[in-house]
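The values are calculated or read from the model by the stated rules, or taken from the named source; none is laboratory data. Worth saying up front: this structure is predicted, and the values here are computed from it rather than measured. A quick note on method: Cβ atoms are made from the backbone with ideal geometry, for glycine too, and the neighbour counts reach across all protein chains shown. Surface accessibility is based on the protein's heavy atoms, side chains included, excluding ligands, DNA and RNA. Shrake-Rupley method; radii C 1.70, N 1.55, O 1.52, S 1.80 Å.
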Amino acid sequence: PELFEDDNAAAGNRVGVGNLPDFTISSVSTVAAVSPGWTLEVTATVCNQGSMAGSAPLDIYFSTDSYISINDYHAVWLPMPWLEAGACATVTGMTTAPSQPGTYYIGAIADLSGGMPELFKDNNTRAGNRVGVGDAPDFSLSAVSTAASVTPGGQLTVTATICNQGTSPGSAPVTVVFSMDATITQMDFFAGMLPPIAFLTPGTCEVASGTFPAPPNGTWWVGAIADQYNSTSELFEDNNVKAGNRVGVGDQPDFVISSVSTAPSALPGAPVDVTVTLCNQGTVPGSAPVDLYFSTDATITTMDLIAWGFPPMTYLEPGACTTQSAMVGAPPTGTYWVGAIADSYNSMMELFDDNNATAGNRLVIGNGPDFTVTSVSADPSALPGSMVSVTATLCNQGTQGASAPMVEVYFSTDTTITAGDSLGGAFPPPPFLEAGACATLAGTAMVPSNSGTYYVGTIADRFGFMPELLEDNNATAGGRIGVGNAPDLFVSSVSTAVSSAFPSDALDVSVTVCNQGTMGGIAPLNIYFSTDTSITPGDYYGSWMPMSFLNPGACATMTGTVFAPYQSGTYYVGAIIDQFGGMPDLFKDNNTRAGNRIGVGYAPDLVVTSVSGPASALPWSPITVTATVCNQGTTANEAGQIDVLLSTDSTIAPQDFYAGSLPPAGFLQPGACATVSGTVNAAGPGSYTLGAIVDRWNWIFELIEDNNAAAGGTLVLGP
């Protein structure tokens, strides 16, 4: 007898029974925007989830909605390789965009005519991404961020990245707002406008920053809106909004667990070492207790099995962190996530009370081995059907030694390695692995006969012959390998010898290009200066460089003179090989490289290049510290005040413990350095990183403002 008798049945997935293939399209994609009638590249991945091998034609369509049918605009037919049962293949082809401007979905249909016998006939279509067809810009915000907290009435620096993913150049204003939730609208709290962005060519981005008054006390999401009032005609008008991080406004600390970790396995009741890092991302100093837990899932709550309670941890200044460890007893047999909660019972007033819990790694309790491959790599390219060298590291992260299982090599079109992928071979297993031991496996494997991009991967103990503590961690994906008859040219390094320059100065730039493909090749090489590390043809053009023909496996270093940007600012020097994609290449997404930063303008640039002091001292005692400050800018200037700071982590920040200031370093010409020493006062007991910052509060205008700090060695303060 039950309360309800009509809810006892449930339907699961469909099962096709028969000796037939079954073709499905797992993905289809193309560019986000294109001019009417222009050529574009389409990529589709087709899988055979049936019980027999087979092949079917693949047709690409453009549709005005996400329902793909034969009534839509037919783009191109793509040949599809023969697929074994469970296998997938990625095919690429060129097609022409519709001549009628509008918004379309790219889509694909396998076996359009239905001429191939299949287990299922109703799963052969797939819609991909939207495509804007027309001659217009399209502005979108890829990122927006600010500080995690601010005092009432304070100022917040907001940074946003705006991109033009359209087909025509343009510019748009960016509005900054603060919202009570993560949905950004025009009705949210108006903060102000970011400085006007430069005219963006298609495919380029620009980072803009501005400082705004903080909103009223409370919890807010920072957000940005591009072209808020639709003053510019765009391909898409519904992708101009972006929400960033939360901001706590108030005079309170905010404790978060930034990391928690322990061993991967242990015997029941055995001691395990747990390490926790606690940070205060609030606006005032404070301290909070931390409790350790073992949870049966990745959500850590106070209802989980408590392992240990730390007393209130080190008093933390805003922005500071502390790391502590504890030896605790392992829980009973089972699989757990180790976790930690700061201020478990909310005894402390904080800006946020919902960010105090963090889960770490899984901990398996039991008596047995646990084999996993921690890394796998292969040659970057290979001819179809050839043999390549593969290396893998097999580890036993269990609690008991055992004979190592067979490890097989697979080649997959994605990062999920399964037995349905292309089997390349197997490693000879090591005879025995003790608990905690690892072994390096090396051998050869056969790549697929179809050209394409694959991930090399491994599966240990595919058939589950070896009883293990965990059975779901035996598959591992490694790096990509390009299979085909083509070169693969990439920029391995780009740099300029100077760290600053006057506008339009001539600079020597060095670029190294390598060919990791299977055939020789040559392509044009261009130098750019970018305001971020993403190098695109829309950045400031420096010059082209002559390239030599490169055989497979060869590299060449080219040096040339280019002119710095005429506009003052901070830039990354970068290079693009084959920027228009006219050369055949195994990979098209590895042709750019960002190098070092360079400050362009008429200003100094002060940096601390070294700082040193004693390795230990008594708490609160005087210590002698030595620091070297250099001016790597373009004009002379006073060196500015050098402040000595003690940090609880390896990052030296202005809010760390102020120990004192060193004597002035004097007037520094461009390229000059000075070393000064002085006595400062140590902090209380603990382990710190000794550091120094020149011009800590940015009183001096510099070419680059975020390179003024340097970390030295560890300073232990105790008896």
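Measuring r between the beta carbons of T714 and N485 and using R0 = 60 Å, the FRET efficiency lands at 0.65. Distance from the C-alpha centroid of segment 508-561 to that of segment 447-491: 30 Å, rounded to the whole angstrom.
The magnitude of the dipole of the chain, with charges of +1 and -1 set on the Cβ of Lys/Arg and Asp/Glu and taken from the Cα centre, is near 1500 debye.
With contacts taken as Cα pairs under 8 Å and at least 6 residues apart, the chain reaches a relative contact order of 7 percent.
Here segment 585-719 is assigned +1 on the Cβ of each Lys and Arg and -1 on the Cβ of each Asp and Glu. Its dipole about the Cα centre then comes out at about 220 debye. Overall size of segment 512-655 from C-alpha positions, given as principal axis extents largest first: 66, 35, 24 Å. Calculated translational diffusion coefficient of segment 479-544 (25 °C, 0.890 mPa s; Stokes-Einstein with Kirkwood radius over alpha-carbon pairs) equals 174 µm²/s. Per residue, the solvent-accessible area of segment 529-610 (1.4 Å probe, heavy atoms of protein chains only, all protein chains present) comes to 47 Å².
Computed 3J(HN,Hα) for segment 160-167, one whole-Hz value per residue from the Karplus formula 6.51 cos²θ - 1.76 cosθ + 1.60 where θ = phi - 60°, is 9, 10, 10, 10, 10, 9, x, 10, glycine and proline marked x. Model label points for A419 and T275, set 7 angstrom from Cα along the Cα-to-Cβ axis, are 3.8 nm apart. Counted over segment 609-719 with a bin width of 5 Å, the fraction of Cα pairs per bin, in whole percents, is 2, 14, 25, 24, 16, 10, 6, 2, 1, 0.
Using a cut-off of 14 Å between beta-carbons, work out the net charge of the residues near V562 (Lys and Arg +1, Asp and Glu -1, V562 not included). Residues close to V562 contribute a combined charge of -3. Along the charge dipole of the chain, which of G223, A32, A564 sits closest to the positive end, that is, farthest toward it, with unit charges on the beta carbon of Lys, Arg, Asp and Glu (+1, +1, -1, -1)? The residue sitting most towards the positive pole is A564. Measuring between their Cα centroids, segment 1-52 and segment 303-336 lie 44 Å from each other.
Remark: segment 469-516 carries 34 Å² of accessible area per residue (probe radius 1.4 Å; ligands, DNA and RNA excluded).
How much length is gained if the chain between T103 and F667 is pulled fully straight, taking 0.36 nm per residue apart and subtracting their Cα-Cα distance, in nm to one decimal?
Length difference between fully extended and current span is 197.0 nm.
For segment 34-186, the solvent-accessible area of protein heavy atoms averages 42 Å² per residue (probe radius 1.4 Å; ligands and nucleic acids excluded).
With an 8 Å cut-off on Cα pairs and a minimum separation of 6 or more residues, tell me the relative contact order of segment 1-78 in percent.
Across segment 1-78, relative contact order equals 25 percent.
Along each principal axis, taking the top coordinate minus the bottom one, the Cα set of segment 581-623 gives 66, 34, 13 Å in descending order. The accessible area of M446, taken with all protein chains in place and a 1.4 Å probe, comes to roughly 90 Å².
Projecting the Cα atoms of L668, V133, C47 onto the dipole axis of the chain, where Lys and Arg carry +1 and Asp and Glu carry -1 at the beta carbon, places L668 farthest toward the positive end.
When +1 charges are put on Lys and Arg Cβ atoms and -1 charges on Asp and Glu Cβ atoms, the dipole computed for segment 322-430 relative to its Cα centre reaches about 400 debye. In order along segment 384-394, phi translates into HN-Hα couplings of x, x, 8, 9, 10, 7, 10, 10, 9, 10, 9 Hz, rounded to whole numbers, per the Karplus curve 6.51 cos²θ - 1.76 cosθ + 1.60 with θ = phi - 60° and x for Gly and Pro.
Sorting 577-585, 449-457 by average packing, meaning the other beta carbons within 10 Å per residue, from highest down gives 449-457, 577-585.
Evaluating 6.51 cos²θ - 1.76 cosθ + 1.60 at θ = phi - 60° for every residue in segment 342-348, the Karplus couplings come out as 8, 6, 3, 10, 6, 7, 9 Hz, glycine and proline recorded as x. Suppose the chain between N71 and L383 were pulled fully straight at 0.36 nm per residue; how much longer would it get relative to their current alpha carbon spacing? Taking N71 through L383 to full extension adds about 108.3 nm, to one decimal.
Compared with the alpha-carbon gap, the fully stretched path from T211 to T39 is longer by 57.6 nm at 0.36 nm per residue.
At a Förster distance of 56 Å, what's the computed FRET efficiency of S449 paired with D135, Cβ-Cβ distance as r, to 0.05?
0.85
Largest first, the three principal axis extents of the alpha carbons in segment 1-125 are 67, 37, 21 Å in whole numbers.
Peptides 59-70, 551-562 ranked from most to least packed, by the mean per-residue count of other Cβ atoms within 10 Å: 59-70, 551-562. Taking 20 Å as the cut-off, no amide N atom of segment 152-177 comes nearer than this to a point 7 Å along the Cα-to-beta-carbon line of T64. With each label modelled as a point 7 angstrom along the Cα→C-beta vector, the S616-T374 pair spans 3.1 nm. Taking all Cα pairs closer than 8 Å and separated by 6 or more residues, the relative contact order of segment 492-562 comes to 38 percent. For the chain, the C-alpha radius of gyration sits at 1.11 times the compact-globule guess of 2.2 N^0.38 Å, with N the residue count. Carbon-plus-sulfur accessible fraction, the chain (probe radius 1.4 Å, protein heavy atoms only): 56%. Between M327 and A636, the simple spin-label model (points 7 angstrom out along Cα→Cβ) gives 6.1 nm.
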